[in-house]
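Engineer: First, the structure itself, so that you have it in front of you.
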Amino acid sequence: MSIVESFTKTITFFDEIKKEDFITDYALIGGLALSAWIEPRTTKDVDLVVVISKNLKWQDIASLIETRLRKKVILQKGNRRTTIQEKLSFMMGQIEVDVINTKGFELALEAISYAVSAEVFGKYIKVVTPEYLILLKLLPFSMQDQIDIMSLMQKVDFKGLKRLAEKYSLLPKLESLRTKSKELT
């Protein structure tokens with residue numbers, strides 16, 4: 001199964017469970033979300049943030065994936081130091097699908113509310129805006145995240161991004177990256 005087929009099958013599944021009210025909303029984040037805003041880059045996974053319905057538990061979403069898609073799901077719990085409290089992963093073809101619950105993750109919840117519809121691999125899906133994608137990438141702050149952030153900076157209003165970064169206590173990371181990039185040029 002190609003990445004396009006894996007992506008399409010994944011998005012179709014999440015669209016279905018949204019129609020059935022298991023989740024109320026979701027959006028694409030991560031490397032694939034970049035392709036909606038800048039030159040696409042190679043990625044090995046599909047990253048989604050989801051809002052589950054109030055009467056459900058995270059385990060219920062994992063069970064839906066296991067029964068309907070027949071995929072083994074790995075559940076992960078966060079801790080006090082991490083922003084992500086609940087995450088699950090499964091393989092769709094040769095790509096990993098990482099799904100993050102917005103419960104206790106205000107930044108992700110807000111990112112979904114401002115997400116816009118964009119075409120990715122011929123499928124329309126909500127994609128977080130460049131500003132929120134930058135903020136989400138400031139959390140893990142890997143070298144690839146830093147490269148992605150620098151590419152996305154051309155697409156944002158920096159004053160607005162700065163206000164959001166301050167709201168989520170991410171301004172020091174953002175400023176350090178800007179300083180670093182200025183030193184390199």
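Taken together, the values in this text are just the output of simple stated rules run on the coordinates, not laboratory data. These numbers come from a predicted model, not from an experiment. For neighbour counting, all protein chains shown are included, and Cβ atoms are generated from backbone atoms with ideal geometry for every residue, glycine included.
Engineer: What nm value, rounded to one decimal, do you get for the distance between GLU16 and SER63 when each label is placed 7 Å out toward the C-beta?
Structural biologist: Output for this residue pair reads 1.8 nm.
Engineer: Also, quick follow-up: If the convex hull of the alpha-carbon atoms of the stretch 78-145 is projected onto planes in all directions, what is the mean projected area in square nanometres? All intermediate terms of the calculation are to be shown ahead of the outcome.
Structural biologist: Details: hull surface 22.4 nm².
The directionally averaged projection comes out at 5.6 nm².
Engineer: What helices does the chain have that are whole DSSP H segments, at least 15 Å long along their own axis by Cα, and with mean Kyte-Doolittle hydropathy of 0.0 or more? Write out the running numbers ahead of the final one.
Structural biologist: Values: long enough: 3-19 (24 Å, 0.06); 171-184 (20 Å, -0.85).
Answer set is 3-19.
Engineer: Using modelled amide H (1.01 Å from N, peptide plane; none on Pro or chain starts), what sits under 5 Å from the amide H of ASP25, excluding residues fewer than 5 places away?
Structural biologist: For ASP25, the qualifying residues are VAL51.
Engineer: Out of all DSSP beta bridges in the chain, what portion is antiparallel? Express it as a percent rounded to 5.
Structural biologist: Numbers: 21 of 28 bridges.
If I count the DSSP bridges inside the chain, around 75 percent turn out antiparallel.
Engineer: If you bin every alpha carbon distance in the stretch 34-77 into 5 Å steps from zero, what whole percent lands in each bin?
Structural biologist: Calculated over all Cα pairs of the stretch 34-77, the distribution is 5, 15, 20, 22, 11, 14, 11, 2 percent.
Engineer: So what does the Cα-only Debye profile of the stretch 1-150 read at q = 0.11, 0.18 Å⁻¹, as log10 I(q)/I(0), no solvent term?
Structural biologist: For the stretch 1-150 at q = 0.11, 0.18 Å⁻¹, log10 I(q)/I(0) is -0.38, -1.11.
Engineer: OK, next. Modelled label-to-label distance, LYS123 and LYS182, 7 Å Cα→beta-carbon offset: nm?
Structural biologist: Taking the simple label geometry, LYS123 and LYS182 are separated by 4.2 nm.
Engineer: Hey, what does the equivalent ellipsoid look like for the stretch 1-83, semi-axes from the Cα gyration tensor as sqrt of 5 times each eigenvalue, largest first, whole Å?
Structural biologist: On the way: eigenvalues 100, 59, 37 Å².
Ellipsoid semi-axes (Å, largest first): 22, 17, 14.
Engineer: Work out the P(r) tail for the stretch 18-58: percent of alpha carbon pairs separated by more than 12 Å, whole number. Working shown, then result.
Structural biologist: Numbers: 518 of 820 pairs.
For the stretch 18-58, the fraction of Cα-Cα distances above 12 Å is 63 percent.
Engineer: Over the stretch 130-185, consider all pairs of different Cα atoms and compute the Kirkwood hydrodynamic radius from their mean reciprocal separation; express it in Å, one decimal.
Structural biologist: Values: mean 1/r = 0.0907 Å⁻¹.
After inverting the mean inverse Cα-Cα distance, the result is 11.0 Å.
Engineer: Take the chain, connect every pair of alpha-carbon atoms lying under 10 Å apart with a spring to form a Gaussian network, then pick out the residue of GLU20, GLU110, GLU86 with the largest mean-square fluctuation.
Structural biologist: GLU20
Engineer: Report the Stokes-Einstein translational diffusion coefficient (µm² s⁻¹, integer) for the stretch 67-185, Rh taken as the Kirkwood radius over Cα pairs, at 37 °C with viscosity 0.692 mPa s.
Structural biologist: Values: Rh = 16.0 Å.
In µm²/s, the coefficient rounds to 205.
Engineer: Ok, one more. Take the Cβ-Cβ distance between LYS77 and ASN55 as r, set R0 to 30 Å, and report the resulting FRET efficiency rounded to the nearest 0.05.
Structural biologist: Numbers: r = 21 Å, r/R0 = 0.68.
Between LYS77 and ASN55 the formula returns 0.90.
Engineer: Now a separate question. I want to verify a result. In a Gaussian network model of the chain, Cα cutoff 10 Å, which of these has the top mean-square fluctuation: SER89, SER53, SER142?
Structural biologist: Highest fluctuation of the listed residues: SER142.
Engineer: Test of understanding: in a Gaussian network model of the chain with alpha carbons linked when under 10 Å, which of LYS162, LYS57, LYS18 would top the mean-square fluctuation ranking?
Structural biologist: Highest fluctuation among the options: LYS57.
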